[in-house]
Amino acid sequence: MSSGEALPKSSTNEISAAHPPDFRATLDALPVAIYTTDENGIITYYNRAAALLAGREPELGKDRWCVSWRLRRPDGSALPHHQCPMARALKEGKPIRGKELVAVRPDGTTVPLLPYPTPIFNASGALSGAVNLLIDLTERKKSELLASEREAECRRLAERESRYLAAIVESSDDAIVSKDLNGIITSWNQGAERLFGYMADEVLGRPITILMPPAYENEEPRILERIRRGERIDHYETKRRRKDGSLIDISLTISPVRDAEGRIIGASKIARDITERKQAKEVLSIRLREQAALYRLTEKLHRAKDIEEVYEAALDAIQTALACDRASILLFDRSQTMRFVAWRGLSEPYRRAVDGHSPWTSEDKDPEPIFIRDIAEAVISDDLRAVIEAEGIRALGFIPLVTEGKLIGKFMAYYNLPHSFADDEIRMALTIGRQLGFSVQRMRAEQARRLAEEQLRRNEANERARAAELLAIMEAVPASIWIARTPDCSVINGNRSSYELLRLPPDSNLSLSAPPDERPANFRVFSMGEMLKPDELPVQRAARGEEVQNFEEEIRFDDGTSLYLFGNATPLRDSAGEVVGAVAASVDITERKQTEEALQESERRLQLALSAGRMGAWEWNLTTGEVIWSSGLEALHGLEPGAFGGTLADFKRDIHPDDLVAVEHDIASVMETRENYHTVYRIRRADGTVRWMEAFGQFSPHGGGPEKLAGVCMDITERKQAEAQRNLLVAELSHRVKNTLATVTSIARQSFSTNPDVHDAHRSFDARIRALAQTHTRLAEASWSGVSLETILFDELAPYRDENRDNVAFAGPPTMLPPRHALTLGLAAHELATNAAKHGALTVRTGRVSVRWTIDPRDNRLRICWSETGGPSVLEPKHNGFGRLLLERVVASDLGGEVRLEFAPRGLICTIDVPYPVGVSE
């Protein structure tokens, strides 16, 4: 029996009650020595075989660790009782196996034996004692055969004991499960069958994770990791899934299982159903939450100062006590229609759709609450069901609000998932409804009382305030008001704003028509840049009977600052209709004027920027379809200012036919997604030229006006041409680099493989690479557009040229060579020049090299003739070197040309005939 298989004593008692066999009598009758101890090692039981083996009667409750009188190790040394295997098993909390020892009886005789001490743990996982099985090895020591038989007998006895223990496990009410270190189930008792619903043959050999509900899969790897470390897991509360898919709350105690050598080979789990305990705890928590919610509701309603505080307190209580996701309160209005007055979590479209809906009328007496467990099962109209489901509501409750026997409204509780309403919830909802209804009625009565008192106070104050009303208005408005009470306007008064605006002390005369010693002198009035005379001012004009509407004027002060005013002036007439004065009101529009000027300046700078950047602005009114182009955009399209038609069709008319579909697709895409607009396309102008354009646009923010798409368009023709040229150069460069590397590889291979002299081969290779690099340099200087044949020849023969002797001569028409021709013919010229300097005409002062070339326009071929004279006599070489190989093979393979070498006695003649691309010389 291992520590993982140990059971509490209570389990043994329960087994005894359920099964008549007396296990103690059975153990007493066993011929194998067995005894047990408590957790401190005190012997609590031994059978007759144990007493016979020990040669003594152990003293229960006194003897400790072992029933034997003395103990020795196999080597004969004394073994103290507190170091015996039983003591170790209790101290280490694990079985001890394979430790042979010798028991010494009081009469001096000895018995070799093999103990099997195993600790026992109770249901909570605490160590409660141990059992030891003592195997007498005497006969095995006498004879191996007898020992083998004895060991077999011991194994049978141990298996029998294991069966007894298995019976105890099977009869346990708790689920007891064993698994290996891979999480595979190895044992499954009846308690597990009852708890999880699986029979043993359904789960044995399957992973323990079949019991793991979603989101709990990561528990098993962590548990197995702790078991591998030898840890014990006590009273771990978690959830598991039964065979029928339902979830249960369990408490787990998990212990490692060890083999005879103490190695961990698996784990034993004891699972106890704690669902009822959890449910009881949850119910208690709900009751406490409900009582707390009611207490807070009562307190808040008592302290509420207005109806909004009542609504907020009620919504808090509804969501807390009923654990609903959303809530609302609806009351009958004056038309006896149910209206939302407070809510939480409800969208405006939903409220609008169900506003006015109610299962009761205001005339219903004692209405009953209505609860819908699942909206999918409710008997309601399809339209209403669609509205509720679109809001994500699956269950809801209607609770009437009744006060003084009259229905005044309802409150609603909404749930995002189907919900069964328990009796306790319904009672709680009705309690909240009664308190809410009473509080609403109380606040209505209080509000009516306050309104009556307020109306009375207003009536009393109206008469007192009427006289000062006009003055208060004049002083309060943020406008300047001027009043002339005579037609000559010799005296003009105003409100506080008018004095502050004109920087004058209160009660001074504001009129410029006043006598010189009374009129203000710190400002002048202008309109359209012209200073106004006193009789041209708005108040004076109105005093003559004129209605002056929407005047604008500039007030210039002596300190150089200015203000801008906008207003109206109207005559004052008496009861007979005669003009007796005038009144004017104006507002300070200085900031607006400054903003307008800044905007005008900003627009001017924008136009300059658009013009400098070859850009134009556009705007598309999506409501009217009107398209507006700036003059700059019209110029980009080759149109005169104002010539654009102003429609989307006019815009599409200039788009290149090959790009029209793509542009229409981009427009349709942004109209659907409302993302920023961007497209690149070509236009065909009236003069036939094609230009590349790039357009950007954004939707205007919703501000109540028509929706617009506006942006800029720029001419990117030069950029497109530059990109094309760049792509061409990159492709050409890639091609040339590959060809050059191949050429270098060939030169290296031929230079070093055909010349036995390493130093000479190195010099030849270096010279050829420099020649190739020199041609590359010439091509790079011309941006790889080509290089002239004469330049190549001049570069290669320059080191040998002597102006005084005219030993080098060129003759031929101007001939531009494309990059491939230039590189190949450059290498050929280098080989010929090197050969002439080492072996030919340039080795002596009298030698001369002449190069002539022609272009045959009929078959587009370039023919070059290299001839040497005046040098040493020439003999045809017996072996071909790399120079000749390069001339004859490379020219043929790279250019498709032909090379002929004539080794005439008077000097070498080399003729090169290659195709010449049409138009290169241009």
Next item on the list: Please state which one of 617, 543 is touching a strand residue (DSSP E or B) at 6+ places or on another chain (Cβ under 6 Å), modelled with pLDDT of 90 or more and of a type outside the set (Ser, Thr, Tyr).
Entry: 543
Note to self: For segment 12-37, give me each residue that is farther than 15 Å from residue 130 by Cα, at pLDDT below 85 and not aliphatic (A, V, I, L, M).
What the structure shows: 13, 14, 16, 19, 20, 21, 22, 23, 24, 26
Check: Under the condition of being without any contact (Cβ under 8 Å) to a residue 24 or more places away in the chain and under 60 Å from the mean Cα position of the chain (by Cα), which residue from segment 499-528 is nearest to residue 481 (Cα to Cα)?
Finding: 500
Margin query: Can you report the number of residues in segment 96-133 which are touching a Gly at 6+ places or on another chain (Cβ under 7 Å) and surrounded by 21 or more Cβ atoms within 10 Å (Cβ to Cβ)?
Written below: 2
Notebook entry, point to check: Restricting segment 413-432 to residues that are of a type outside the set (Ser, Thr, Tyr), touching a strand residue (DSSP E or B) at 6+ places or on another chain (Cβ under 9 Å) and over 17 Å from residue 293 (Cβ atoms), which is surrounded by the fewest Cβ atoms within 10 Å (Cβ to Cβ)?
Noted result: 417
Margin query: For a quick check of your reading of the model, give me the residue pairs whose first member lies in segment 347-363 and is in the same structural domain as residue 409 (by TED's automatic domain parsing), whose second is in a loop (DSSP other than H, G, I, E, B), with beta-carbon atoms closer than 6 Å and at least 6 apart or on different chains.
Written below: 350/391; 356/337; 360/367; 362/336
Item checked: Output for segment 565-599, where each listed residue is hydroxyl-bearing (Ser, Thr, Tyr) and modelled with pLDDT under 90 -> 575, 586, 590, 595
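Would you confirm whether any residue within segment 507-523 is assigned to a strand (DSSP E or B) and either surrounded by 15 or more Cβ atoms within 10 Å (Cβ to Cβ) or not aromatic (Phe, Trp, Tyr) (or both)? Break it down into steps so the answer makes sense when it comes.
So the first thing to find is which residues in segment 507-523 are assigned to a strand (DSSP E or B), and the list is 523.
Those left that are additionally either surrounded by 15 or more Cβ atoms within 10 Å (Cβ to Cβ) or not aromatic (Phe, Trp, Tyr) (or both): 523.
Looking for residues that are assigned to a strand (DSSP E or B) and either surrounded by 15 or more Cβ atoms within 10 Å (Cβ to Cβ) or not aromatic (Phe, Trp, Tyr) (or both), one finds at least one in segment 507-523, hence yes.
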Check: Among 809, 822, 836, which is more than 19 Å from residue 898 (Cα to Cα) and in contact with a Lys or Arg (Cβ under 8 Å, 6 or more places away or on another chain)?
Finding: 809
Next item on the list: Report yes if residue 396 is outside any helix (DSSP H, G or I) and free of Cβ contacts under 8 Å to residues at least 40 places away in the same chain, otherwise no.
Entry: yes
Notebook entry, point to check: List, please: which pairs have Cβ atoms under 7 Å, are six or more places apart or on different chains, and start with a residue in segment 317-335 that is touching a residue at least 40 places away in the same chain (Cβ under 8 Å) and end with one that is polar (S, T, N, Q) and not in a loop (DSSP other than H, G, I, E, B)?
Noted result: 327/319
Next item on the list: State yes or no: is residue 88 of a type in the set (D, E, K, R) and either more than 60 Å from the chain's Cα centre (by Cα) or outside any loop (DSSP other than H, G, I, E, B) (or both)?
Entry: yes
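Is it the case that some residue within segment 467-478 is closer than 28 Å to residue 564 by Cβ, modelled with pLDDT of 90 or more and not in a strand (DSSP E or B)?
Applying the first criterion (closer than 28 Å to residue 564 by Cβ) to segment 467-478 yields 470-478.
Then drop every residue that is not modelled with pLDDT of 90 or more, which leaves none.
Checked against the condition, which is being closer than 28 Å to residue 564 by Cβ, modelled with pLDDT of 90 or more and not in a strand (DSSP E or B), segment 467-478 yields no hits at all.
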Margin query: I'd like to verify a number: residues in segment 680-700 that are within 20 Å of residue 629 (Cα to Cα) and either among the small types (Gly, Ala, Ser) or under 28 Å from the mean Cα position of the chain (by Cα) (or both), how many?
Written below: 7
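Quick check, is residue 783 modelled with pLDDT under 60 and of a type outside the set (A, V, I, L, M, F, W, C)? Write out each step before concluding.
Working: modelled with pLDDT under 60: yes; of a type outside the set (A, V, I, L, M, F, W, C): yes.
Against the criterion (modelled with pLDDT under 60 and of a type outside the set (A, V, I, L, M, F, W, C)), residue 783 qualifies.
Give the residues of segment 494-513 that are farther than 15 Å from residue 537 by Cβ and of a type outside the set (A, V, I, L, M, F, W, C), sorted by residue number. Can you show your working first?
We begin by selecting, within segment 494-513, every residue farther than 15 Å from residue 537 by Cβ; these are 495-497, 499-500, 503-508.
Hits for segment 494-513 are 495, 496, 497, 499, 500, 503, 505, 506, 507, 508.
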Next item on the list: For segment 372-383, indicate whether the set of residues that are in contact with a helix residue (DSSP H, G or I) (Cβ under 8 Å, 6 or more places away or on another chain) and closer than 27 Å to residue 306 by Cβ is non-empty.
Entry: no
Notebook entry, point to check: Pick from segment 387-405 the residues that are out of contact with any helix residue (DSSP H, G or I) (no Cβ under 8 Å at 6 or more places or on another chain) and modelled with pLDDT of 90 or more: which of them is surrounded by the most Cβ atoms within 10 Å (Cβ to Cβ)?
Noted result: 398
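The values are calculated or read from the model by the stated rules, or taken from the named source; none is laboratory data. Treat the numbers as computed from the prediction; the structure is a model and nothing was measured. Quick reminder, even Gly has a Cβ in these numbers, built from the backbone with ideal geometry, and neighbours come from all protein chains shown.
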